[in-house]
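J.: Encoded as C-alpha cells, here's the structure I'll be asking about.
We did not get these values from a lab; they are worked out from the coordinates using the rules stated. Note that the structure is a prediction, hence the values are computed from the model and not measured. Glycine gets a Cβ as well: all are built from the backbone with ideal geometry, and neighbour counts include every protein chain shown.
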Amino acid sequence: MLQKMVKIQVIGPKKDLHSVVDHLYRKGTVHIEDASAKVASGDTMLRRMSVEQAGDIANALAKIGGILLTLPRGKEDEKGTLAIYNRLKSMTHDDLLGHAHSIIAELETETRTLASEKSDLEMNLENLIRYEKIIEKLRPIESTLPVLEGFEVTVILIQKEFKDVIEIIRNSLSEITRKQFELISADVDETTIAAVTIFNKRYSEQVHSFIFTQNVNEIRLPPEYLGKPFGEIFTLIEERKNKATGEMDRINADLAKISSEYYTELKALYQILEDRNEELGVFSKIGQTDYTFVILGWIPKKFLKDTVNELKEAFGGRVVVNELSVSAEEMAEAPTFYDNPRIVKPFEYLMRVISPAKSHEIDPSPILAIFFPIFFGIMVGDIAYGLIILAFALIVKWKFRDRDWLQHLMNILIIVSFPTLFFGWLYGEFFGDFGEHMGWIHPQELFGITWNRIEIIVPLLILSIAIGIFHVFLGLGIGILNSYTEISCKRHVAKAKRHICEKAGMIVVITGLILVIGAAAKALADPLLILGVILIFIALPLLIYGGGFFGIFEIMSTVGNILSYARIMAIGMASVILAAVANKLGGMMEVAILGLLIAALLHTLNIVLAMFSPFLHSLRLHLVEFNSKFYEGGGKMYKPFKKEEGGQSS
C-alpha cells in the first residue's frame, strides 16, 4: 500500500544549516525538493544556496583519499573507527574542515614524496628485469657482436612468421647509412628472432624512424650497458636490483609506520567527509534569505512526528518544521512511497520497475501478490515441477546474494511454487501423469469434479473465464474508488464523475451480457434473460455519458479482456500435455536409460517453459487486462535524503 505524503518546510538560521542537513541525512526520511521559489504567494523570493558556501569538503576528501591510497591497509579497528567517526560527527562544519586540513598538512607532503620515490623505484626495477631478460635472449649471439666506437647498437625482436622483414630492414639500412652498418640475426627461442644492428651514430634518427614504421619490437639498451660483456652487465643489473629493493623496503617501512599511527583516524575522517560531500548535492535545492535557510520536501506522514521531535531536541526552537497545505495538483506530484509487507515486496518491485504508482492511486502490488501466484499455480500445477522451481529459486537466491533484482525475482518464484504444489496435489500430477501411473497420487474430487486436467477442459475454461470476470470487475471497482478519491480531493471533479459512470456502466453491461448468454444457453433460469436485457439498457446511457459513443465500443474491448483469461486454461493444458508426451515417449524406448534420458530432457524443457511462460502471462493479465481498468502509473519514487547501500545518497 502507498503511504500518505506530507509536504514540509524546514526553516532555521544559516549558522545551523550544516548541522540541520547532517541531521536530515542521518535520519533519512525527507525527500528534498527545490526550495528556491516563493514560499507562499506574495512572500520574498528565495535565493538558491550555492555549493561553495558549504566549504571545500570535496577537496579535503580527495586529499585524505589520496593519503589512504599511499598507505598499506592497517589493522581493522571497527570500534576505534566508529568512536573517532562519532567524535568527528559532533564537530561543526568549520571545525571538521580545520581538523582535516591539519591532518593533510602533516601527512600529505611526506606520503606523496614516499609514494613518488616508490613509484620511480618500481619502474626502475621493472626496466632492470626487462633488460635482464633481453640480454639473456641475446647471449647466444654475443660472440658475433663487434665492438666499435662511434657506432650505436639496437636490438629488434621479430616473430619467426615475419622473418622476411629482416631482408627489408637490411636493404633499407644499407641505403640510409650508405652501407655503414652491420646486421646480425639469430634464433632466440622457438618463436623469436633477435636482429642486432650496428650503425654509425650520425644516422641514428633516420634509422629509428624507419624501424618504427616497420611495426617491430625495438629494444634500445641504456648507454652504460653498451660495450660491456654480458656477464658484466648481469652483475651490474643485479647490484642495481638489490639497491632498488632495499630502498623500497625502507619506504614501505616508513609508510607502514605512518599507517599504524594514522590509518584508523584517516579511515574515520574519510567516511565523515564522504558523507558530508554527498550532502553537498542537496545544497543547490536549499533556498536562503540573508539570515535564514529554507528546506522544502515531502515526508511520509508516519515519519513526520519522529523527525520533528529529533530536530526540536537538537536545535530547540531555532529550527521550525512547518506542515504545508497543498493543492490537489501539488498532491498529485507527491513522491510515491511503497510500504508493503515483506511478502508483497517482490511484486512491489515489479510495479516499481514497470511504472511506479502515483501517490494518490491505489497500489496494485498487494493484489498482484494475491492473484499472480494463483494464476501461476493453476497453469503449472505439478508437485515435481513446484519442488524443482522452489529448489532452483533457493539455489540462485543463495548464489547471487548481491544481485537485488535477482533476489526479488527468485522470491517471486519461491512464493509461486507453493500454489504450484497445491494445484499439483489437486490435479494429481507429479511429472505429469507419472505419479498417478506409479500410484503415488491421484486427482482430487472437489465440487463434484475430479480434477484431472486432461479430462476437464470445459470446467477449466469456465473457471478461467470466471476468474477473468472477477478480476476485471475488481479492476473496474478500484477505478471507481480512485475516481471517488479524486472527487473528495476536489481534483478533476467532472472528469472523475464521468469515469465513475463509465466504469459502473461497464460492470452493469457485462453482468447483463453474462445473464443473457447464460439464459440463452439454458445454464440460467429464463427470467434472468429479461433482467440481463434490462441491465444492458440501463448501462448504455452510463457508458455514453462517461466515455461518449466510444464507450459503447469499449464493451467489446472489456469482453476481450475477460476472454484473455482463457490462457490460464490453455497454457496449463499445454504444460500437462507436454509432460504426458515426455512420459509416453520415455516409456516407449526399449532401452531404459535412453527412455529416461528422453523423458528427463522433455521434462526439463517443460520446467524451463513453466518458469517463463506462466510468469509472463500472469504478469500480462495484471498489467493489460486488470491494471488498465484503474491504473495510470508514471509516479516519481520517494527518494529520501540519506546514505544508501553502496555509498550513494538520494
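J.: Averaging the inverse of every distinct alpha carbon separation and then flipping it gives the Kirkwood radius. What is it for region 579-633, in angstrom units?
T.: In region 579-633 this quantity evaluates to 13.4 Å.
J.: Same structure, new question: For K160 and D339, compute 0.36 nm times the residue count separating them, minus their Cα-Cα distance, and round to one decimal in nm.
T.: 57.5 nm
J.: In addition: Kindly identify region 280-322 as rounded, prolate or oblate by the Cα gyration tensor criterion: order the square roots of the eigenvalues as a ≥ b ≥ c, call it rounded if a/c is under 1.5, otherwise compare a/b with b/c, prolate if a/b is larger, else oblate.
T.: Note, shape of region 280-322 comes out oblate.
J.: Quick check on the exposure proxy: order F553, F303 from fewest to most C-beta atoms within 10 angstrom.
T.: The most exposed by this proxy come first: F553, F303.
J.: A further question on this structure: Have a look at the chain and give its Rg and Dmax from the Cα atoms, expressed in angstrom.
T.: Rg then Dmax for the chain, in Å: 39.0, 122.
J.: Roughly what would the spin-label model give for S355 and A253, points 7 Å off Cα along C-beta, in nm?
T.: 7.0 nm
J.: Follow-up. From the backbone phi of region 597-602, what are the Karplus-calculated ³J(HN,Hα) couplings (6.51 cos²θ - 1.76 cosθ + 1.60, θ = phi - 60°) in whole Hz, Gly and Pro given as x?
T.: 5, 4, 4, 5, 5, 5
J.: Extension gain D94-E445, at 0.36 nm per residue separation less the Cα-Cα distance, in nm?
T.: 118.6 nm
J.: Something else: Nearest 10 degrees is fine. How inclined is helix 493-520 to the longest principal axis of the chain, computing both from alpha carbons?
T.: Once rounded, one gets 60 degrees.
J.: How far, in degrees from 0 to 90, does helix 345-354 lean away from the longest principal axis of the Cα atoms of the chain, to the nearest 10?
T.: Taking the Cα atoms of the chain, the angle to 345-354 is about 80 degrees.
J.: Once both axes come from the Cα atoms, what is the angle between helix 57-70 and the longest principal axis of the chain, in degrees from 0 to 90, rounded to 10?
T.: 60 degrees
J.: Under the √(5λ) rule applied to the eigenvalues of the Cα gyration tensor, what semi-axes describe the equivalent ellipsoid of region 531-597? Give them in Å, descending.
T.: Semi-axes (√(5λ), whole Å): 53, 11, 5.
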